[in-house]
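**Q** One structure follows; several queries about it will come next.
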Amino acid sequence: MRSYWDIAAWQAYDIAIIGGGIIGISTAISCAERHPDRRIVVLERGHLPTGATTRNAGFACFGSLSEIAHDIDMMGADAAHTLVRRRMEGLQVLLKRCGHHVIGYHADGGSEVFLQDHPSLKRLHDVNVLLHDVIGDQPFRERNDLRSDYQLSESVFALIHTTHEGTLHSGRMLQALWKRAVELGVHIRTGTEVSSIDADTGKVTLHCISPHQHVDLTCLQVVVATNAMIPALVQSPAIPEITPGRGQVLVTAPVQGLSLRGSFHLDEGYYYFRELDGRVLLGGGRNLDFAGETTTSHDVTDRIQHALEDLLRAVILPTHYDVAIEHRWAGTMAFTENKQPVVAYAQPRVLVAFGCNGMGIALGSSIGQECAQLLV
Ligand SMILES: Cc1cc2nc3c(=O)[nH]c(=O)nc-3n(C[C@H](O)[C@H](O)[C@H](O)COP(=O)(O)OP(=O)(O)OC[C@H]3O[C@@H](n4cnc5c(N)ncnc54)[C@H](O)[C@@H]3O)c2cc1C
């Protein structure tokens, strides 16, 4: 049985946040900054974070030329512009909060690699004009000269470069955010899985499974930030549909003389690669098997991994054919039909936040700020 003191100190909070990824922790930080007197807890099922935030590629990116051209066609120029602005604002908050050096941020720029002609190449000027006020003069430039600097295959048709993108160390980023949250008085409870939420009375009860026991926590408001796992806890007509998308990654052994710098996008963002401690990190390939990759499983598959290896040897490291693969993993992204992130009440006192659509490093801090504004 719990003591009176335990119940008051450990089981009753003003705000509970489920999920210790970038959205959950950023929400906790923004809430603690706005309301230092509130008792805030983050509940994370893993003993270490187990979500996409430490399974991603570490691109501090705002969208490549072809992705933004596609967004303009899909959602209109105003909405695409707003989305890029939210990403850029989120990145600024993240870098200010954590410090560039602490999270291994390198402002080495980003490149989109085209293996053949693509309609978006003709839209370079228009996209640059649209984003000028958000990003600055000529966000994207054609830099075909960089193909040889980076020792990419001669089959690369065009390279579009931006100086406004960077890479970071995702593990150190989340550590820095957790540290900041704790400094602000947030309780972080790892190894605590929320199995259900009961918000039908005047307060919210969270039924949790901690290592050796079932525990009920109460709070006045809850934020559900469990990425594509949200439907396991919350289902409401008030929230748009979430489609899970698995992202698979591999990392090579160290490569002698590697000359890649910054981040690289290919095939409308379906593939991405970067230098990482003298190795190549390469991910993507979801478009090869949309049905199979619509899953929250963290397994890797032969089909996608072989395709990544073929791309690695043909385009990225054409002169290092025998390079070994030392790491492989997968993580889950949460996609929305209109590519917009969602911050919405599923029911009174239950806020949900998701839908980074593969760009959570940029959007996580913005989404956290929006959640904190709503939690009055
Ligand atoms: C392979 C891959 C590459 C990517 N590359 C990039 C990139 O380069 N740049 C970029 O900006 N974005 C990238 N992304 C996307 C980015 O990682 C995500 O958008 C972002 O991490 C989502 O953050 P989140 O907080 O919503 O979710 P998560 O980080 O997944 O956090 C959710 C947390 O909730 C916890 N949880 C789940 N259910 C429960 C429960 N019932 N109780 C308690 N806790 C629970 C999980 O353990 C998890 O830690 C990539 C994603 C993947 C998968």
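Derivation of every value follows stated rules applied to the coordinates shown; laboratory data play no part. Not measured: the values here are computed from a predicted model. Cβ placement follows ideal geometry from the backbone for every residue including glycine, while neighbour counts extend to all protein chains displayed.
**Q** Relative to the first principal axis of the alpha-carbon coordinates of the chain, what is the inclination of helix 360-374, with its axis defined by its Cα atoms, in degrees from 0 to 90 and to the nearest 10?
**A** 30
**Q** Could you go through the stretch 183-188 in sequence order and give the Karplus-derived ³J(HN,Hα) for each residue, using 6.51 cos²θ - 1.76 cosθ + 1.60 with θ = phi - 60°, rounded to whole Hz, and x for Gly and Pro?
**A** Once rounded to whole Hz, the list reads 4, 8, x, 6, 7, 10.
**Q** Quick query: amide H of A12 versus all other amide H atoms, modeled in the peptide plane; which residues come in under 5 Å with a sequence gap of 5 or more or a different chain?
**A** T218
**Q** Follow-up question, since we're still on this one. What is the spin-label model distance, in nm, from K179 to K96 if the labels are put 7 Å beyond Cα along the C-beta direction?
**A** 2.0
**Q** Using Cα atoms only, what is the angle between the long axis of helix 302-311 and the major principal axis of the chain, expressed in degrees (0 to 90) to the nearest 10?
**A** 40
**Q** Then there's this: Rounded to the nearest 500, what is the chain's calculated 222 nm mean residue ellipticity when only DSSP H runs of at least 4 contribute -39500 (n - 2.57) each, over all residues?
**A** Theoretical 222 nm ellipticity from helices: -9000 deg cm²/dmol.
**Q** Considering the options Y105, L311, I25, tell which one lies farthest towards the positive end of the dipole of the chain, charges being +1 on Lys and Arg and -1 on Asp and Glu at the Cβ, about the Cα centre.
**A** I25
**Q** Something else about it: Give me P(r) over the stretch 19-120, computed from all C-alpha to C-alpha distances, binned every 5 Å, as integer percentages.
**A** 2, 10, 14, 18, 18, 16, 11, 7, 3, 1, 1, 0
**Q** Relative to the longest principal Cα axis of the chain, at what angle does helix 124-135 sit, 0 to 90 degrees, rounded to 10?
**A** 40
**Q** For the pair L115 and D78, what calculated FRET efficiency results from E = 1/(1 + (r/R0)^6), where r is the Cβ-Cβ distance and R0 = 41 Å, to the nearest 0.05?
**A** In this case the efficiency is close to 0.85.
**Q** Name the longest site-free stretch of the chain, where the excluded sites are GluC sites (Glu not before Pro) in a DSSP loop with no more than 14 other beta-carbon atoms within 10 Å. Display every interim value, and only then the final one.
**A** Values: sites that count: E154, E241, E337.
No qualifying site falls inside 1-153, the longest such stretch.
**Q** Determine which aspartates and glutamates satisfy two conditions relative to K122: a Cα distance under 12 Å, and not lying fewer than 8 residues away in the same chain.
**A** E142
**Q** Turning to a different aspect of this structure: Check the straight Cα-Cα distances from K179 and name the lysines below 24 Å, setting aside those fewer than 8 residues away within the same chain.
**A** Cα-Cα hits under 24 Å: K96.
**Q** Let me ask something additional. Cα to Cα, under 12 Å, and not fewer than 8 places away if on the same chain: which aspartates and glutamates meet these conditions relative to K203?
**A** Within reach: D14.
**Q** Moving to a separate point now. From the backbone phi of the stretch 324-338, what are the Karplus-calculated ³J(HN,Hα) couplings (6.51 cos²θ - 1.76 cosθ + 1.60, θ = phi - 60°) in whole Hz, Gly and Pro given as x?
**A** 8, 9, 9, 9, 9, 7, 9, x, 10, 10, 10, 9, 10, 4, 9
**Q** What relative contact order, as a whole-number percentage, does the stretch 45-185 give when Cα pairs under 8 Å and 6 or more residues apart are counted?
**A** 37
**Q** Have a look at the DSSP beta bridges in the chain and tell me what percent are antiparallel, nearest 5. It would help to have the intermediate numbers written out before the result.
**A** Values: 50 of 70 bridges.
In the chain, approximately 70 percent of DSSP beta bridges are antiparallel ones.
**Q** Taking amide H positions as placed 1.01 Å from N in the peptide plane, with prolines and chain starts having none, which residues 5 or more places from H164, or on another chain, fall under 5 Å of its amide H?
**A** Under 5 Å from the amide H of H164 lie the amide H atoms of G110, each far enough along the sequence or on another chain.
**Q** Additional query: Of all the stretches in the chain, which is the longest one without any exposed loop site, taking chymotrypsin sites (Phe, Trp or Tyr not before Pro) in a DSSP loop (any state but H, G, I, E, B) with at most 14 other Cβ atoms within 10 Å?
**A** In short, 158-320.
**Q** Let me ask another. Enter the mean projected area of the convex hull around the alpha-carbon atoms of the stretch 23-80, in nm², rounded to one decimal.
**A** 6.5
**Q** If you don't mind, another one. Which cross-chain or sequence-distant (5 or more) residues have an amide H under 5 Å from the amide H of I17, H modelled 1.01 Å from N in plane?
**A** V41, V42, L43, V223
**Q** So, in Å, what gap is there between the alpha-carbon centers of the stretch 322-356 and the stretch 241-266?
**A** First find each Cα centre; the distance between them is then 17 Å.
**Q** Show me, bin by bin at 10 Å from 0, the whole-percent P(r) of the chain based on Cα pairs.
**A** Distribution as computed: 5, 24, 32, 24, 11, 4, 1, 0 percent.
**Q** In sequence order, what are the phi-derived ³J(HN,Hα) couplings for the stretch 208-221 according to the Karplus relation 6.51 cos²θ - 1.76 cosθ + 1.60 with θ = phi - 60°, rounded to whole Hz, with x for glycine and proline?
**A** 10, 10, 9, x, 10, 7, 8, 10, 9, 10, 10, 8, 7, 9
**Q** On to the next question. Provide the net charge surrounding L374, with neighbours chosen by a C-beta distance below 12 Å and charges set as Lys +1, Arg +1, Asp -1, Glu -1. Mind dumping the intermediate values first?
**A** Numbers: positive: R34, R349; negative: E370.
Once all neighbours under 12 Å are counted, the net charge is +1.
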